[in-house]
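Comments concern the structure below.
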Amino acid sequence: MVDQNCLVYQTWAKRITLTTTFIVVVLSWINSVKIPDLIVRAGVSFGVMYLLIVGSFRLFEWAAPPEPEDEQLSSDSGQGKLIDISVGDDELQTPEGQDTNFPGQVDPSLSTGLPGAEQQADIVRRMGWE
C-alpha cells in the first residue's frame, strides 16, 4: 500500500513539475528570451520544482509515525483504563475479541438498569466526594 502511494506521489510530482516548467517556458518565450536561455530556464525550473516536491514527500515520509502492526493493535485494548478506574470501574473491560452491543466504554451492566444506591455511594466515595 505504501509503495503504491509513493508511486502515485511521484507521478503527480512529475506532472506538477512538467506543468510548472511549461508555464515558465511559455512566459519566457512571450518575453522574447533567446533559445539557449529558454533551455536553461526550463532545466532549472524543472530541477528546482522536482527537488522541492520530492524532497517534501521524503520529509513527510521520514517524519510520519510508523504504521501499527496487528500485534500492536491488540495490545492497546486497555485504552481508557485510567479514566474507568477514576470513576469507580474496578473490573476489566471485555477483550477486543468479544462482541458487545455497547459502543465505546458503556458499561454493559447498565442494560439491566442503573446501579443500586450502595454501589452509587461507593463510586461517589471513591471519587472523593462525601
Specify which of the listed residues (SER109, SER32, SER77, SER56) is outside any helix (DSSP H, G or I) and modelled with pLDDT of 65 or more.
SER32
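Out of the residues in the stretch 1-25 that are within 27 Å of the chain's Cα centre (by Cα) and of a type in the set (Phe, Trp, Tyr), which is surrounded by the most Cβ atoms within 10 Å (Cβ to Cβ)?
That would be TYR9.
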Pairs under 9 Å by beta carbon, first residue surrounded by 14 or more Cβ atoms within 10 Å (Cβ to Cβ) in the stretch 26-49, partner part of a loop (DSSP other than H, G, I, E, B), six or more apart or different chains?
ARG41/VAL33
GLY43 being within 30 Å of LEU59 (Cβ to Cβ), over 31 Å from the mean Cα position of the chain (by Cα), assigned to a helix (DSSP H, G or I) and of a type in the set (Gly, Ala, Ser):
yes
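The values are calculated or read from the model by the stated rules, or taken from the named source; none is laboratory data. Just so it is clear, the model here is predicted, and its values are computed rather than measured. Here Cβ is always computed from backbone atoms with ideal geometry, including for glycine, and neighbour counts include all displayed protein chains.
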